[in-house]
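Participant: Before I ask anything, let me first share the structure, which is written out below as structure tokens.
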Amino acid sequence: MLKELKKDTLSKLIYFIPKDKHSVEDVKEILNNHPEIEFVSLVGIDLRGNDTDEKIPSSVFLEDIDTFIQTGIQTDGSSVVLDNIATLNDAKVEIIPDKDVDWFVDYNFQNSNDETHLPVGTLRIPSFLVHNGNRVCSRSILKKSIDNFKKEILGLLCKNTAVLNSVGIEDCDEIKEIVLTSATELEFWVNTPEDKADEEKLSTSQNLKEQYWKRTQGTVRTALEKSIYLMEKYGVNPEMGHKEVGGITSVINSRGKSNHVMEQLEIDWKYSDAIQAADNELIIRNLVNDVFKHYGLEVTFAAKPIEGVAGSGEHTHLGVAAKLSNGKIVNLFSPSDMNAEYASPIGFGALMGILKNYEMLNPFVTSSNDALNRLKPGFEAPICIVSSLGKSVDNPSRNRSILVGLIRDLENPLATRFELRAPNPMSNTYIIIAASYQVMLDGIKYAVENKKTSKELEIEFSKKSGEITGYLEKHREYRSEEDVFEFYTEEQRNNLFGTPPKTVWENAKNFILHENKKKALTYNDVFTEQTIDSFRQSIINQWLRELKDRIISENMEIVRSCKKAHFEDVTDLDIVNWQKIHTLRCYLMKDKTDEKSLFTRIRDSIDEQDYDLVSTLQVEMNEKIKLLKELYITYKKNLF
């Protein structure tokens, strides 16, 4: 067993196989020279973002390596989430390697190879999921989106010289390649096992900003440093790791070990091409989890693991550039004069496409109860379909209350990009990036085909509610340079930017309520009706199972934990406070002969498939549980 992650050991390992080393001969040589790589796993990403991980002994893989690399392996629909595609009577799914990306080696630091005494590795090969000859996975949708975007943008540019000139390119023939760049970052909570969160202490520490960007200590520091070191080995170019806003100070025990760790951290790395960016995130998430566990720490990538405290986001950055024949890179979102315009016509079109069609993008971004728990007013979590440009061209915006940020650096046009702030660490990055580029393309087509200038698009983007424009919706506004949570009331926000969904069901219904916007996703068959329907069904199924089998059960424990605690020195206030609590407990959980509790009514509505009612009752339950916890805290504070 490996006791420490020593650098002399780690330096002997091979961490990835680049895409130019995927020939049968190269792979054979690498596996034969590294017997510590004992397994091979073909990694397909289903529509919910789950990755497959089957352990094929390297010896078996090498015996038939040609077949494995060319045609992959087979599984059935029970292994992956492909609702209404891989059905019980048609369940065969093929997992076929993607030879055009880097392949990573995943190491088990708790197990060592008998021959080399190095950690046992698994070569993880990113792969496509294929059903009846059709690629049906998140990876394949992203690849189709990338190919479609590149082809369409090049065609649009070549037909419109004015737009081409607006980004500083004279002739279409200069363009060698369209490049899509993406990046995410990883926020996560770390704690010592079995320690329970003290929400009140965490909230106080957060409000006092006691943790944000402070110095890490002890095992947390070691694990963070080791994670960043290994990220460099994997070639994903880490930029920084730091404490986030959430957490409380840990305690050192008599043996010098950290106890009661409860901290929020963030790790950032440089951008890559779109598919590699999604692959990088997957390997980093696994790496961070393994390293911190090696040091006795638990990691959660949940969006909102602790109610009342900052959740974990995963801002997704989206960029588009042209690589010219002379090697120069031109950012297609940047205007030729950064001091005169906020963005190019392509940049404005992309931003408008995201915001106009966000009802189609949002179900992919916010597809779980956990994700929706994070996206509530406050905590810098975006809920409004709105963006900002900056109060002037020479004053770039850093408005953290908006959904999509225009990131620009006056001194560096290559840095211009969009930051989608709603995703979280458990979001399916493959499918979010794919959908984002599809809806961006919808807006870009409008801007370019109608020969719109940056000034004209800025005016349209800055429209007021009630104004009619060529692309954006009449009764919406899309730009605000104010803090949208402080400047507007909830009613104003809902009227101007749309009412945000409160449940998974409300979000999933957008595919039906905004049917006219679906064409942005299905353009050139990047998303199909089948894949959209499959994704929609999968998030509804997960919502119902989680609500019935987990959330209600957890809330029952909260109700049971709110026990009567006054016995001596009782005041009339104690009696009143307790009565409010007990009445609410009974309403939530206690059935009567003539009246059912809220929990029972939710279960019955699920069984009856009345999902509108389930959604309404879930919102009520969330509000009542929050009120119960607040009442109980107030009650306990008045007791000796």
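What follows draws every value from the coordinates through simple rules; no lab data is involved. No experiment lies behind these values; they were computed from the predicted model shown. Quick reminder, even Gly has a Cβ in these numbers, built from the backbone with ideal geometry, and neighbours come from all protein chains shown.
Participant: Separation between the K21 and N494 pseudo-spin-labels, each 7 Å from Cα along Cα→Cβ, expressed in nm?
Facilitator: My value for the distance between the label points is 5.7 nm.
Participant: Going by amide H atoms built from the backbone, whose H comes under 5 Å of the H on V120, apart from near neighbours?
Facilitator: Result for V120 returns N108, N111, S112, N113.
Participant: Let me ask something additional. What distance in nm lies between label points placed 7 Å from Cα along the C-beta direction at K474 and N108?
Facilitator: The answer from the label model is 6.3 nm.
Participant: Under 5 Å between amide hydrogens, which residues at least 5 positions from S334 or on another chain qualify, with H placed 1.01 Å from N in the peptide plane?
Facilitator: Here the answer is S344, since their amide H atoms fall under 5 Å of that of S334.
Participant: Give, as ranges by residue number, the residues of the range 406-450 whose backbone N falls under 20 Å from the point 7 Å along Cα→Cβ of E486.
Facilitator: Residues 406 qualify, since their backbone N sits under 20 Å from the label point.
Participant: Within the chain, which cysteines find no other Cys whose Cβ is under 4.7 angstrom from their own?
Facilitator: C137, C384, C562, C586
Participant: Could you derive backbone 3J(HN,Hα) for the range 506-511 from the dihedral phi with the Karplus parameters 6.51, -1.76 and 1.60 (θ = phi - 60°), listing whole Hz in sequence and x where the residue is Gly or Pro?
Facilitator: Along the range 506-511, the couplings run 4, 6, 5, 5, 4, 4 Hz.
Participant: Between the range 279-321 and the range 10-35, how many Å separate their Cα centres?
Facilitator: Cα centroid of the range 279-321 versus Cα centroid of the range 10-35: 28 Å apart.
Participant: At 0.36 nm per residue, minus the direct Cα-Cα distance, what do D525 and D173 gain on full extension? Give it in nm, one decimal, please.
Facilitator: Contour length minus the Cα-Cα distance gives 123.9 nm.
Participant: Among M556, M426, rank each residue by its count of other Cβ atoms within 10 Å, from fewest to most, as a rough exposure measure.
Facilitator: Lowest to highest Cβ neighbour count: M556, M426.
Participant: Then there's this: With a cap of 10 neighbouring Cβ atoms within 10 Å, and only residues DSSP puts in a loop, list the chymotrypsin sites (Phe, Trp or Tyr not before Pro) found in the range 532-594.
Facilitator: In loop regions of the range 532-594 (DSSP not H, G, I, E or B), the sparsely surrounded chymotrypsin sites (Phe, Trp or Tyr not before Pro) are F567.
Participant: Q609 to K451: FRET efficiency via 1/(1 + (r/R0)^6), r the Cβ-Cβ distance, R0 35 Å, to the nearest 0.05?
Facilitator: 0.10
Participant: Pop out the ³J(HN,Hα) list for the range 81-89 in order, Karplus 6.51 cos²θ - 1.76 cosθ + 1.60 with θ = phi - 60°, rounded to Hz; leave Gly and Pro as x.
Facilitator: With coefficients 6.51, -1.76 and 1.60, one gets 9, 9, 4, 6, 10, 8, 8, 4, 9 Hz.
Participant: Which of K159/K323; K451/K518; K159/K452; K144/K463; K12/K226; K6/K233 have a Cα-Cα distance over 22 Å?
Facilitator: K451/K518; K144/K463
Participant: Provide the per-residue ³J(HN,Hα) series for the range 535-541, in order, calculated from phi with Karplus coefficients 6.51, -1.76, 1.60 and θ = phi - 60°, each as a whole number of Hz, with x at glycine and proline positions.
Facilitator: Once θ is set to phi - 60°, the couplings for the range 535-541 become 5, 4, 5, 5, 6, 5, 4 Hz.
Participant: Using a Förster distance of 60 angstrom, determine the FRET efficiency expected from the C-beta separation of E411 and E515, and round it to 0.05.
Facilitator: Efficiency computed from Cβ-Cβ geometry: 0.85.
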